[in-house]
Amino acid sequence: MTAAPASPPTAMRLRELIFGAACAAAVRAAAELRIADALGETPSTAAELAATLGVEPKPLTRLLRALSCHGVFAEDEDGRFAHTEMSRMLREDAPNSLRYIALWCTEPWTWQAWPHLDDAVRTGRSVFPEVFGKEFFDYLHDGAGDSARVFNKAMTHSSRQSADDVAEFVDLAGVTSVADIGGGQGHVLAALLERYPELHGTLLDLPAVVADADPRLREGGALSQRAELVGGDCRDAIPVQADLYIIKNILEWDDESTRRTLRNVVGAARPGARVLVIENLVDDSLSQRFTTAMDLLLLLNVGGAKHTTQSLVTHMTEAGLEIKDVRPVNPYLHAFDSTVS
């Protein structure tokens, strides 16, 4: 029996998915050209924008029209273009700017990696060494050119934005000390120390990372008297005692590294200490399309993976943590609040 043809809406949706690279490329072009920065509060024609940007007006019209279909910019009846909530996020000076995230996720190397996703699925391993001749982070810092700067900017912007959400979310009743494990530049820790004047905190990350910590935490910084910077690898040891340990967006390696990190936290902590694990989830999330895409990119890059609710609960429980609560921090982060048994 011949299957019935797909209905037009279904077929059109699949066509849109097939051409999804065009949408990502259009957002990248807008970010590279700084269209959002050039467009003011008054709607402008493509010709006016083209003169400001130094580009050709007809291709710019086509780009803006393609983006407007997705809600990035809006075209009025007179053919003028105006900002939308999404296009404003491509402005570099926007508090919630995603400009560098847009650039990072569409860097030239990504277009070379994505076609190898079938190989990564077959093997369960990163394709990076085969495609680029070196591991992901080695390539990033020794071969990717400006991509390393874009990566650092993207991670800094993303961390600062989520830090405020985390600081507002965390209940620090009875907590006098907090340890940010694998906390990067320490934006979450800095946000907590600013919010709670009596709180003391420790940032643990690789030596080169903590050397470039948030200026507020470094010697002479506004929060330095209440902050300690410790260089080390949380997969090897966690030489820190605290009332609360925060582990945010780092349990994305192989399972053994995740187990070692959680065991090290439990080994360092006093009985009853809180451990707050914050991660993107690939299930039960308002941002499932986003997090599953990140999950596939992790597979390509480093062979890592985002967690499901159950996989994280399993790892935490096996490490000796008693989970008290699981709640969303924002549309793309969930917090697993636990205590050391």
Discussion item. Given points 7 Å out from each Cα along the Cα-Cβ axis, report the residue 292 to residue 208 separation in nanometres with one decimal.
Written reply: 3.5 nm
Discussion item. Based on C-alpha coordinates, I'd like the Rg and Dmax of the chain, in Å.
Written reply: 22.4, 76
Practice prompt. Note down the nm distance, to one decimal, between modelled labels 7 Å out along Cα→Cβ at residue 146 and at residue 18.
Written response: 3.4 nm
Practice prompt. Stick to Cα atoms and the Kirkwood definition of Rh, then tell me Rg/Rh for the range 172-307.
Written response: 0.99
Worksheet, complete the sentence: Using the Cα gyration tensor of the range 225-267, the equivalent ellipsoid's semi-axes, largest first and to the nearest Å, work out to 20, 11, 10
Worksheet item: What's the local net charge at residue 274, with K and R +1, D and E -1, over the other residues with C-beta under 12 Å away?
Response: -3
Discussion item. With θ taken as phi - 60° and the coefficients 6.51, -1.76 and 1.60, list the Karplus ³J(HN,Hα) couplings across the range 122-132 in order, rounded to whole Hz; mark glycine and proline as x.
Written reply: 4, 9, x, 10, 4, 9, 4, x, 6, 7, 10
Worksheet entry | Most positive-pole-ward Cα, 331, 182, 30, against dipole of the chain from beta carbon charges | 30
Item to complete: Report the paramagnetic label zone for residue 254: residues of the range 271-305 whose backbone N is under 14 Å from a point 7 Å from Cα along the Cα-to-Cβ axis.
Response: 302-305
Response to the item:
Scalar couplings 3J(HN,Hα) for the range 281-292 by Karplus 6.51 cos²θ - 1.76 cosθ + 1.60 (θ = phi - 60°), nearest whole Hz, x for Gly and Pro, are 10, 8, 9, 6, 9, 5, 10, 5, 5, 5, 6, 5
Discussion item. Amide H of residue 245 versus every other amide H placed in the peptide plane: which residues, excluding those fewer than 5 positions away on the same chain, fall under 5 Å?
Written reply: 179, 274, 275, 276
Item to complete: Can you tell me the equivalent ellipsoid semi-axes for the range 15-93? Use √(5λ) from the Cα gyration tensor, largest first, whole Å.
Response: 19, 13, 13
Worksheet item: If you find the alpha carbon centre of the range 245-288 and of the range 21-74, how far apart are they in angstrom?
Response: 41 Å
Response to the item:
Sequence order, the range 243-256: Karplus ³J(HN,Hα) from phi using 6.51 cos²θ - 1.76 cosθ + 1.60, θ = phi - 60°, Hz rounded, Gly and Pro as x, gives 6, 9, 10, 10, 10, 10, 6, 10, 8, 10, 8, 5, 4, 5
Fill in: Inter-site label distance for residue 263 and residue 308 at 7 Å from Cα along Cβ, in nm
2.4 nm
Discussion item. For residue 134, give me every one of the lysines with a C-alpha distance below 28 angstrom, ignoring sequence neighbours fewer than eight places off in its own chain.
Written reply: 153, 248, 306
Discussion item. Restricting the calculation to Cα positions, tell me the Rg (one decimal) and the Dmax (whole number) of the range 109-208 in Å.
Written reply: 18.3, 52
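Quick note: the coordinates plus some simple rules give every number you see, no bench work behind them. Only a predicted model underlies this, so the values are computations on that prediction, with no experimental measurement involved. For neighbour counting, all protein chains shown are included, and Cβ atoms are generated from backbone atoms with ideal geometry for every residue, glycine included.
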